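The structure appears right after this line, and notes come after that.
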Amino acid sequence: RKISRDLMVVGDSCETLKKPAVLSDIFFRIGGFPSPAPSKAVNCLKINASHVIGDNLWIWRADHYDQVGWDKNTADTGLIVNGSHVYMYALMVEHFLKYQTLWKGEDGHVYMYQSELPYDVPRQEAWMSHHGTQKGYASLKVADHVKNFESWCAGIYSYHRDAPVICSCGAQVPDHENVVLHHTFTRFLNGHTGISHVINTSGEAVDATHRQACIIKYKNGVVYN
């Protein structure tokens, strides 16, 4: 069965489009419906162009119903942003096998981000980032080279349903002066273990005994609460 590389691509390069693009009220779904074989992809949405606006996007790898499982409806990443000056309003990305959102472009802005980590990780060894040295994949990953990025109200949730695995952090960002995250929180929903930190190595762990942690502002490695 052929696997789709990217379900949707905006722009061929990081050049500015003739007119800014607006993506509004779009729903992606990988699997979870009756079919002869599981649905698969590598990435759902890839934004290569600059000056793109997203409004109300739900990017979902199915966690229940038919043809669902860690090795069945596989998909690595929900959203990859390569372009600059990309704005996202009400962005929901859930249950992908690696990063939920991977942001590589400059001057990105996210207003309200909701994300659940994958439910169906079978064992910790199957879910390791940074060449196998870090437990789990952060939901929101801003690439190390990015110098300008800002987000408001990002919520990242864990429900490790199938195995006692840990995610090292909810969001992972480079420590630069103009990379700023406002009101970022992690939440333990149910299941095993949880998330060790909110952003990078800052913020409390969440688990069955301490269900929610929040950082009011994170900037250049400094926490403001």
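Given the options 64, 51, name the one that is part of a strand (DSSP E or B) and at pLDDT below 95.
Within the list 64, 51, the selection yields 51.
Can you tell me how many residues in the stretch 170-225 are in contact with a Lys or Arg (Cβ under 7 Å, 6 or more places away or on another chain), more than 17 Å from residue 109 (Cα to Cα) and touching a residue at least 24 places away in the same chain (Cβ under 8 Å)?
Going through the stretch 170-225 one residue at a time, the tally reaches 6.
If you take the residues in the stretch 17-47 that are surrounded by fewer than 20 Cβ atoms within 10 Å (Cβ to Cβ) and polar (S, T, N, Q), which one is nearest to residue 6 (Cα to Cα)?
24
Could you check the stretch 208-225 and list, in sequence order, the residues that are under 27 Å from residue 160 (Cα atoms), open to solvent by 70 Å² or more (accessible area, probe 1.4 Å) and among the hydroxyl-bearing types (Ser, Thr, Tyr)?
209
Quickly run through the stretch 121-142 and pick out the residues that are small (Gly, Ala, Ser) and surrounded by fewer than 20 Cβ atoms within 10 Å (Cβ to Cβ).
Result: 126, 129, 132.
Okay, residues lined up against (1) not in a strand (DSSP E or B); (2) not hydroxyl-bearing (Ser, Thr, Tyr):
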position: 109; (1), (2): no, yes
position: 113; (1), (2): no, no
position: 132; (1), (2): yes, yes
position: 155; (1), (2): no, yes
position: 174; (1), (2): yes, yes
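Can you confirm whether residue 98 is among the basic types (Lys, Arg), surrounded by fewer than 19 Cβ atoms within 10 Å (Cβ to Cβ), within 10 Å of the chain's Cα centre (by Cα) and under 17 Å from residue 44 (Cα atoms)?
Answer is yes for this residue.
Restricting attention to the stretch 143-162, does a residue exist that is modelled with pLDDT of 95 or more, in contact with a Gly (Cβ under 9 Å, 6 or more places away or on another chain), open to solvent by 50 Å² or more (accessible area, probe 1.4 Å) and of a type in the set (Ser, Thr, Tyr)?
Yes: one or more hits.
Can you name the condition, by its number, that residue 14 falls short on among (1) modelled with pLDDT under 85; (2) open to solvent by 80 Å² or more (accessible area, probe 1.4 Å)?
Of the numbered conditions (1) modelled with pLDDT under 85; (2) open to solvent by 80 Å² or more (accessible area, probe 1.4 Å), the odd one out for residue 14 is (2).
Contact list please: Cβ distance under 7 Å, first residue in the stretch 49-70 and among the hydroxyl-bearing types (Ser, Thr, Tyr), second residue open to solvent by 60 Å² or more (accessible area, probe 1.4 Å) and not in a loop (DSSP other than H, G, I, E, B), pairs at least six apart or on different chains.
Note: pairs meeting the criteria are 50/16.
Being of a type in the set (A, V, I, L, M, F, W, C) and more than 25 Å from residue 105 (Cβ to Cβ): is that true of residue 156 here?
no
Report yes if residue 186 is outside any strand (DSSP E or B), more than 20 Å from residue 81 (Cβ to Cβ) and polar (S, T, N, Q), otherwise no.
The answer is no for residue 186.
The values are calculated or read from the model by the stated rules, or taken from the named source; none is laboratory data. The structure presented is a predicted model; accordingly, all values stated were derived computationally and were not measured. Ideal geometry is used to build each Cβ from the backbone, glycine not excepted, and the neighbour counts take in all protein chains shown. Areas reflect the complete protein model, heavy atoms only, side chains present, ligands, DNA and RNA absent. Shrake-Rupley method; radii C 1.70, N 1.55, O 1.52, S 1.80 Å.
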